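Student: This structure is in structure tokens; I'll ask about it shortly.
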Amino acid sequence: MQIQAHKEGIPLNKKPKKKLNKIKRSDYFWGYAMIFPTMLGTLIFNIWPVFQSFYLSLTEWGGFGQYSFAGLVNYKRLFQDPNLLSALKNTAIYTVLSVPLGISLSIIVAVLLNQKIKGVAFYRTLYFLPVVTMPAAVAIVWKWLYNGDFGLINYVFSLVGVSGPNWLTDPNISLYSLVLVSVWGAIGYNMVIILSGLQGISKTYYEAAEIDGASPLAQFFRITLPLLTPTLFFVSVMSLISTFQVFELVYMMIGPNSPVIRDTHTLVYLFYEEAFINNDKGYAAAISLFIFVIILLFTILQFRMQEKWVHYE
């Protein structure tokens, strides 16, 4: 009877199926239990502040922390504020210069440190040190290096008879001085990620290219770069987000009392200025949401454009 039932496709016993469903429910329970703390932290510290900031952006603040509902007044002010336009311009210049330059130098450093050279571990550690160094310490050291009177950079220039500029007080070059520091600090982080991407490329591609007589330069542009594009895509997204949030360098190296603060202030610095100096938290919340929307739009654009230049194996 059992053989005949099996031939006709009739299940012999339904108990294993019930047991399997019970195991699946147990797996789901423990899976959600494990990610619940992360989900709760994301909800409290990431998602809820966005809604809270939106509500605060609709308020007008007075003395002693009192505020009242003001509607879209802060957003009307946002698009009429000349300080916002200058901050947006400075942030755009900062991003356009630091992101491509930082990624390009990181690729070069990563390719060089991917070779079998003596002391490669020491060089990798040396390049990664700025990443684990406190931003305040980095800013103070570079502020001393940039000093127009007794800074090391201008001293080196004086040895060859060149008078160095005022790196942090000249409105024409102060923003570019910050870009150089940003690029220097980002090389180590980008290098580690790009280095992992390089080590994930199969050596068979290079062996086949050598058999065909391809030069090292041709291998780099025909093999390395195309297969490295997924890693470069990730680095570009993270670098763009980071540059739109720059604050420490402006605050520590320029400062609110500098005559060139309006030539170097960024969107995040403007948010800090309105929130903690002018105590206008409603307008500061509107600025923060403006920054959020810009970063979101550029991130979406990058994900849309990746289909045109990112190549997966």
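Student: What is the packing order of peptides 84-92, 292-300, taking the mean over residues of other C-beta atoms within 10 Å and listing the highest first?
Tutor: Working: 84-92: 17.8, 292-300: 12.7.
The densest-packed peptide leads the list: 84-92, 292-300.
Student: Right, another one. Need one word for segment 155-294: rounded, prolate or oblate. Basis is the Cα gyration tensor (sqrt eigenvalues a ≥ b ≥ c); a/c below 1.5 gives rounded, then a/b vs b/c decides.
Tutor: Values: a/c = 4.24, a/b = 1.68, b/c = 2.52.
Since a/c reaches 1.5 but b/c is at least a/b, the shape of segment 155-294 is classed as oblate.
Student: Under the rule of at least 5 residues apart or a separate chain, name every residue whose amide H is placed under 5 Å from the amide H of N147.
Tutor: L152
Student: In addition: What are the ³J(HN,Hα) values, in whole Hz, obtained from phi via the Karplus relation 6.51 cos²θ - 1.76 cosθ + 1.60 with θ = phi - 60°, for each residue of segment 190-205 in sequence order, with x given for Gly and Pro?
Tutor: 5, 4, 4, 5, 5, 4, 5, x, 5, 6, x, 7, 5, 6, 5, 5
Student: Okay, next question. How big, in percent, is the set of alpha carbon pairs in segment 118-232 lying more than 20 Å apart? Please report the intermediate quantities before stating the final value.
Tutor: On the way: 4024 of 6555 pairs.
In whole percent, the long-distance tail amounts to 61.
Student: Sorted by packing (mean other beta-carbon atoms within 10 Å per residue), highest first, where do 126-132, 231-237, 34-40 land? All intermediate terms of the calculation are to be shown ahead of the outcome.
Tutor: Values: 126-132: 13.9, 231-237: 18.9, 34-40: 9.7.
Top of the packing list down: 231-237, 126-132, 34-40.
Student: Could you run the Karplus curve 6.51 cos²θ - 1.76 cosθ + 1.60 with θ = phi - 60° over segment 234-251 and give me ³J(HN,Hα) per residue in whole Hz, x for Gly and Pro?
Tutor: Each residue's phi maps through the Karplus curve to give 4, 4, 5, 5, 5, 5, 5, 4, 5, 5, 6, 10, 5, 8, 4, 5, 5, 5 Hz.
Student: What is the set of long-range amide H partners of T59 at a cut-off below 5 Å, with H atoms built 1.01 Å from backbone N?
Tutor: A70
Student: Here is a further query. On a C-alpha basis, how far is the centre of segment 238-266 from the centre of segment 273-313 in Å? Whole number, if you could?
Tutor: With segment 238-266 and segment 273-313 each reduced to a Cα centre, they are spaced 16 Å.
Student: Could you give the length gained by full extension between L301 and Q52, i.e. 0.36 nm per residue of separation minus their alpha carbon distance, to one decimal place? Please list the in-between numbers first.
Tutor: Values: separation 249, 0.36 × 249 = 89.64 nm, distance 2.63 nm.
Between L301 and Q52, full extension yields 87.0 nm more.
Student: Between K89 and V156, what is the spin-label point distance in nm, taking each point 7 Å from the Cα along the Cα→C-beta axis?
Tutor: Output for this residue pair reads 3.2 nm.
Student: Next up: P(r) of segment 127-174 in 5 Å steps, Cα pairs, percent per bin?
Tutor: Calculated P(r), rounded to whole percents: 5, 21, 22, 19, 16, 11, 5, 0.
Student: Per residue, how many Å² of accessible area does the chain show with a 1.4 Å probe?
Tutor: On the way: 20290 Å² over 313 residues.
Using a 1.4 Å probe on heavy atoms only, each residue of the chain averages 65 Å².
Student: Further question on the same structure: Can you tell me the dipole magnitude for the chain around its Cα centre, using point charges on the Cβ only (Lys, Arg +1; Asp, Glu -1), in Debye to the nearest 20? Let's see the in-between values first.
Tutor: Working: 22 positive and 16 negative charges, 384 e Å.
Approximately 1840 debye in magnitude.
Student: Next up: Using θ = phi - 60° and the Karplus form 6.51 cos²θ - 1.76 cosθ + 1.60, what ³J(HN,Hα) does each residue of segment 267-278 get, whole Hz, x for Gly and Pro?
Tutor: Running phi through 6.51 cos²θ - 1.76 cosθ + 1.60 with θ = phi - 60° gives 5, 5, 5, 5, 4, 4, 4, 6, 7, 10, 9, 8 Hz.
Student: State the percentage of accessible surface on the chain attributable to carbon and sulfur atoms; use a 1.4 Å probe and exclude ligands, DNA and RNA.
Tutor: Numbers: 13580 of 20290 Å².
For the chain, the apolar C and S fraction of the accessible surface comes to 67 percent.
Student: Give me log10 I(q)/I(0) at q = 0.07, 0.08, 0.16 Å⁻¹ for the chain, Debye formula, one equal scatterer per alpha-carbon, no solvent.
Tutor: Relative scattering, expressed as log10 I(q)/I(0), comes to -0.46, -0.57, -1.35.
Student: Roughly how many debye, to the nearest 20, is the charge dipole of segment 218-313 about its Cα centre, given +1 on each Lys and Arg Cβ, -1 on each Asp and Glu Cβ, and no other charges?
Tutor: Numbers: 5 positive and 7 negative charges, 61 e Å.
That gives segment 218-313 a dipole magnitude of about 300 debye.
Student: For segment 100-184, which semi-axes, largest first and in whole Å, follow from the square roots of 5 times the eigenvalues of its Cα gyration tensor?
Tutor: Working: eigenvalues 158, 46, 38 Å².
Calculated on Cα positions only, the semi-axes equal 28, 15, 14 Å.
The values are calculated or read from the model by the stated rules, or taken from the named source; none is laboratory data. Bear in mind that the values here come from a model prediction, so they are computed numbers and not experimental data. Cβ atoms come from the backbone with ideal geometry, glycine included; neighbour counts cover every protein chain shown. The accessibility values were calculated without ligands, DNA or RNA, using every heavy atom of the protein model including side chains. Shrake-Rupley method; radii C 1.70, N 1.55, O 1.52, S 1.80 Å.
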